[in-house]
Amino acid sequence: MFRRTLTIGGWMAAAATLFALATPAVAQDFPARPVKFVVSWSPGGGADSLARHLAKGLTERWNQPVIVENKPGADATIGIQSMLQQPADGHTIGLIITSHAVHSSLRKAMPYDLLKDFVGVTNVVEAPNLLVVNPKLNVKSVEELIALGKTRPLNFAAPGLGGPGHLGGVMFNTATGLNALHVPYPGGAPALTSVLRGDADFMFTTLLSGLPLAKSGQVRAIAITSKTRSALYPELPTMAEAGLKNFELVTWYAIVAKGGTPKAVVDKLAADINAVAKDPKLAAQFEKDGVHVIASGADRFGPYLSAEVRKWADVVKAGNIQPQ
């Protein structure tokens, strides 16, 4: 019996050793064929542009085609769901953003479990938001907006339900004790127009969209929602500097692979994607557009993604937003 146990133990040890040796080899050979890059939005938008920049750099780096496949629909879930039909070998990757971490709290039924069915590869970039108000309001700071909200009802514009603009308003209400009314719009542009016209008092909008209007005086920016100030608008204080210390609202863009993808492949994906994102020319273009390169890697992004899912679940609950 003892000799048999040793024999079985020896085989198990040998198998483990072979697996450990084989896994790096798999990563070294990756990619062995063209890579599909699933983007859950139509061509031409910000997410699609980011994916195509990354695909171009990865194609050159790997000497293998990286093909962007646009699969929009169902609040950007159709594309991610389609990845589940592919092998877990890293040859299909997908782009997700902040709203994907919110879906499980806002939808009664999801076609996948983001944390169980996928593995986080890397958080590539993030973009802060601006808090903007109608310039005709006698408001030039977050403190003054809060003070105004205590004297009369406020409303805020946001594109749709459950997006960063909507949840930013919910976070603002929770942090300040106000009860500003959410007014949904079919897109970011009409929501901004409503603030410009005075139909809405304030909104949280992307830096890229809001900055030109703020610089021209069509809306008034009173804070930025990142942890640090933006080089594009250095005079603008953060929400923390304005007194809301734990308030952070950024839209991040990250890469996931199918769950079960070998860690060595995930790590190689992360390293190569980050190398492309950090290319000085591309990084400079990102910064010019108000997008900051994060390039976190798998070991950091996995825990961050889990924390984001929990964070937005708390925001949804605090705002008494009912799943649909």
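The values are calculated or read from the model by the stated rules, or taken from the named source; none is laboratory data. All values derive from a computational prediction rather than experimental measurement. Cβ sites come from the backbone with ideal geometry, for glycine too, and all protein chains shown count toward neighbours. Calculation scope for accessible area: heavy atoms of the full protein, side chains included, ligands and nucleic acids excluded. Shrake-Rupley method; radii C 1.70, N 1.55, O 1.52, S 1.80 Å.
Entry remark, segment 166-191: residues being open to solvent by less than 10 Å² (accessible area, probe 1.4 Å), touching a residue at least 40 places away in the same chain (Cβ under 8 Å) and closer than 16 Å to Val133 by Cα number 2 in total. Taking the criterion of being surrounded by 17 or more Cβ atoms within 10 Å (Cβ to Cβ), in contact with a Lys or Arg (Cβ under 8 Å, 6 or more places away or on another chain) and assigned to a helix (DSSP H, G or I), the residues of segment 259-313 that qualify are Asp272, Val276, Ala298. Please specify each residue of segment 212-234 satisfying the condition of being within 16 Å of Leu249 (Cα to Cα) and either not aliphatic (A, V, I, L, M) or not in a strand (DSSP E or B) (or both). Hits for segment 212-234 are Thr225, Ser226, Lys227, Thr228, Arg229, Ser230. Touching a residue at least 12 places away in the same chain (Cβ under 8 Å), within 18 Å of Trp41 (Cβ to Cβ) and assigned to a loop (DSSP other than H, G, I, E, B): is that true of Gly162 in this structure? Yes, satisfied. The set of residues in segment 135-165 being open to solvent by less than 30 Å² (accessible area, probe 1.4 Å) and touching a Leu at 6+ places or on another chain (Cβ under 6 Å) consists of Val139, Gly149, Gly162. Filter segment 105-134 down to the residues that are within 15 Å of the chain's Cα centre (by Cα) and assigned to a helix (DSSP H, G or I), then identify the one that is surrounded by the most Cβ atoms within 10 Å (Cβ to Cβ). Restricting to residues being within 15 Å of the chain's Cα centre (by Cα) and assigned to a helix (DSSP H, G or I), the top hit is Leu114. Cβ-Cβ contacts under 7 Å between residues 6 or more apart (or on different chains), taken from a first residue in segment 80-102 that is touching a residue at least 12 places away in the same chain (Cβ under 8 Å) and under 11 Å from Phe37 (Cα atoms) to a second residue that is among the acidic types (Asp, Glu) and surrounded by 18 or more Cβ atoms within 10 Å (Cβ to Cβ), are absent.
Name the single residue that is surrounded by the fewest Cβ atoms within 10 Å (Cβ to Cβ) among those in segment 29-55 being in a helix (DSSP H, G or I) and free of Cβ contacts under 8 Å to residues at least 40 places away in the same chain.
Applying the filter and picking the extreme gives Asp29.
Return the pairs, sorted by first residue and then second, in which the second residue is of a type in the set (A, V, I, L, M), the first residue lies in segment 241-270 and is on the phi > 0 side of the Ramachandran plot, the beta carbons are less than 6 Å apart, and the residues are 6+ apart or on different chains. Cβ pairs passing all conditions: Gly260/Ala88.
Take the residues of segment 69-98 that are touching a Phe, Trp or Tyr at 6+ places or on another chain (Cβ under 9 Å) and among the polar types (S, T, N, Q): which is most open to solvent (accessible area, probe 1.4 Å)?
Here the residue is Gln81.
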